[in-house]
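Below: one structure, written as structure tokens.
We did not get these values from a lab; they are worked out from the coordinates using the rules stated. Quantities reported herein were computed from a predicted structural model and do not represent experimental measurements. Glycine also receives a Cβ, built like all others from the backbone with ideal geometry; neighbour counts cover every protein chain displayed.
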Amino acid sequence: MTIYYNYEAERKMHIPWMDIISDTVNGTLEYMKYRKEAEVSVTVVDEQEIKALNNEFRGINKVTDVLSFPIGDRNPETGETVLGDIVLCAEKIISQAQEYGHTRKRELAFLTCHSMLHLLGYDHIEDEERQEMEELQRRILDKIGYTR
């Protein structure tokens with residue numbers, strides 16, 4: 001498993017963000033019994049950047065907490081499956097952790113897990129899909145120790 005990390009936000013989360021992302025990416029793949037060699041790119045940005053990306057790719061001109069960009073192609077250099085890109089907003093991680101009454105670590109793990117499930121093909125457009133995704137997220141986060 002290869003994870004590419006980029007921290008482009010000015011605001012620091014003051015948590016071991018790379019460790020949390022690694023735990024969550026690997027924990028999600030393990031829980032989902034994903035057996036292929038894979039790679040994921042994870043970038044932490046500020047509100048201005050995620051708003052611009054959300055507008056460009058989804059036509060929604062507002063700040064969001066996380067964006068997922070599934071790819072699914074094989075990297076010819078490594079042979080790994082490129083699952084895709086995850087873009088996280090540092091300010092939203094900080095504010096949502098406070099709003100929901102849990103730690104920044106838990107919020108980062110939750111958003112990373114949520115995004116990983118999107119990269120694996122899950123969605124939450126229909127209520128049944130949303131319930132399935134929420135249950136998977138809860139089970140994965142419980143298993144890797146990022147509980148509320």
Stretched out fully, how many nm does the piece from residue 35 to residue 148 gain, at 0.36 nm a residue minus the Cα gap?
-> 37.8 nm
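Length gain on complete extension for the stretch residue 127 to residue 22, per 0.36 nm per residue less the alpha carbon to alpha carbon distance? All intermediate terms of the calculation are to be shown ahead of the outcome.
Numbers: separation 105, 0.36 × 105 = 37.80 nm, distance 2.93 nm.
Length difference between fully extended and current span is 34.9 nm.
What does the charge count near residue 89 come to, summing +1 for each Lys or Arg and -1 for each Asp or Glu among other residues with Cβ under 10 Å from its Cβ?
Numbers: positive: 11, 51, 92; negative: 46, 47, 49, 65, 91.
So the environment of residue 89 carries a net charge of -2.
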Residues 120, 108 in order from fewest to most other beta-carbon atoms within 10 Å are 120, 108
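Where Lys and Arg each count +1 and Asp and Glu each count -1, what net charge lies around residue 30 among other residues with Cβ under 13 Å from its Cβ? Mind dumping the intermediate values first?
On the way: positive: 33, 35, 36, 139, 143; negative: 23.
Its environment carries a net charge of +4.
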Give the range of the longest stretch in the chain that excludes all GluC sites (Glu not before Pro) found in loop regions by DSSP and having at most 14 other beta-carbon atoms within 10 Å.
-> 78-125
Among (i) 58, 35, 28; (ii) 52, 37, 33; (iii) 37, 34, 31, the value of Cα extents along the principal axes in Å computed for this structure carries the label (iii)
XL table 12/92; 51/92; 62/143; 12/33; 12/143; 92/143; Cα-Cα > 21 Å flagged, in table order, is 62/143; 12/33; 12/143; 92/143
How far is the Cα center of segment 92-148 from the Cα center of segment 5-69, in Å?
-> 12 Å
Can you sort 33, 12 so the residue with the fewest Cβ neighbours within 10 Å comes first?
-> 33, 12
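Which FRET efficiency, nearest 0.05, do residue 5 and residue 78 yield, Cβ-Cβ r, R0 25 Å?
Working: r = 17 Å, r/R0 = 0.67.
E between residue 5 and residue 78, to the nearest 0.05, is 0.90.
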